[in-house]
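Q: Encoded as structure tokens, here's the structure I'll be asking about.
The values are calculated or read from the model by the stated rules, or taken from the named source; none is laboratory data. What you are looking at is a predicted structure, and each value in this text was computed from that prediction instead of being measured. Every residue, glycine among them, receives a Cβ derived from its backbone with ideal geometry; neighbour counts consider all protein chains shown. Protein only, heavy atoms only, side chains kept; ligands, DNA and RNA dropped before computing areas. Shrake-Rupley method; radii C 1.70, N 1.55, O 1.52, S 1.80 Å.
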Amino acid sequence: DRPVCEGVVNSSGTPGQLVIGGSTKVADNEVSLQLFGLPGNVPCYALLSRSAGFTANPGGSQGNLCLSGGIGRMALSLFVASPEGRGQVALDLTALREPSGYVAAQPGDRWYFQAWYRDAVSGTATSNFTSASALLLD
């Protein structure tokens, strides 16, 4: 787990954070994304890419997108943050979602992860992003 960029402060007063936990061994298939510092009870889902990048405030978001290239939306991982602003997404390394379909992770792959979530600025609905982290697989 290697941080790529920090999140922007959200309506909870803190930036959303994404930390990668579990084993880096592809054969173990035991990786999860731990999310903290989200506004309570907001919908959220994970994004992934093979490339890091930086796009400030995409689509009117108050946060920054730190992925580039083909970005997969893990829509099946949609969840609602707990009232305390936490969440967890278990990854299936045999089926990572790229724009063109699902792929299996291989040893030596580096994947970048970030979460996208609902937020509000001065009562106006918008979205935000957590910090982004990289995972190098064995």
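Q: Which value results when the Cα radius of gyration for region 1-102 is divided by 2.2 N^0.38 Å?
A: Here the Cα radius of gyration is 1.08 times the empirical estimate.
Q: Sticking with this structure for a sec: Give me the net charge for the shell around VAL8: Cβ to Cβ below 15 angstrom, other residues only, Lys and Arg +1, Asp and Glu -1.
A: Neighbourhood net charge equals -1.
Q: Another question, then. What is the set of long-range amide H partners of GLY53 at a cut-off below 5 Å, with H atoms built 1.01 Å from backbone N?
A: Sorted by chain and number, the residues that satisfy this are LEU67, SER68.
Q: Just to make sure I understand: if all protein chains stay in place, what is the order of ASP119, ASP92 by accessible area at 1.4 Å, largest first?
A: Sorted descending by solvent-accessible area, the residues read ASP92, ASP119.
Q: A further question follows. Mind checking the per residue accessible area of region 1-101 for me, 1.4 Å probe, whole number of Å²?
A: Normalised by residue count, the accessible surface of region 1-101 is 50 Å².
Q: With +1 assigned to the C-beta of every Lys and Arg and -1 to the C-beta of every Asp and Glu, and no other charges, what is the dipole magnitude of region 64-138 about the Cα centre in debye, to the nearest 20?
A: 160
Q: Each residue of region 37-44 in order: what ³J(HN,Hα) in whole Hz does its phi give by Karplus 6.51 cos²θ - 1.76 cosθ + 1.60, θ = phi - 60°, with x for Gly and Pro?
A: Couplings: x, 8, x, x, 6, 10, x, 8 Hz.
Q: Another question, if that's okay. So for the pair PHE54, ALA104, with labels modelled 7 Å out along Cα→Cβ, what separation do we get in nm?
A: 3.7
Q: In region 80-94, which residues have a backbone nitrogen under 16 Å from the label point lying 7 Å from GLU30's Cα in the Cα-to-Cβ direction?
A: Only 90-94 fall inside the zone, counting backbone N under 16 Å.
Q: In addition: Averaging sequence separations of C-alpha pairs under 8 Å and six or more residues apart, then dividing by the length of the chain, give the relative contact order as a whole percent.
A: Result for the chain is 34 percent.
Q: Could you give the nm distance between label points at ASN41 and ALA134, where each point is 7 Å from its Cα heading toward the beta carbon?
A: Modelled inter-label distance: 3.9 nm.
Q: Subtract the Cα-Cα distance of GLN88 and SER122 from 0.36 nm times their separation in residues, and report this length gain in nm to one decimal.
A: Gain on stretching GLN88 to SER122: 9.5 nm.
Q: Further question on the same structure: If amide hydrogens are placed 1.01 Å from N in the peptide plane, which non-local residues have theirs closer than 5 Å to the one on GLU98?
A: Here the answer is VAL103, since their amide H atoms fall under 5 Å of that of GLU98.
Q: Round to a whole number: what % of the accessible area of region 1-54 belongs to carbon and sulfur, probe 1.4 Å?
A: On region 1-54, the fraction of accessible area on carbon and sulfur atoms equals 52 percent.
Q: Further, regarding this structure: Between region 97-138 and region 7-37, how far is it from one alpha carbon centroid to the other, in angstrom?
A: 9
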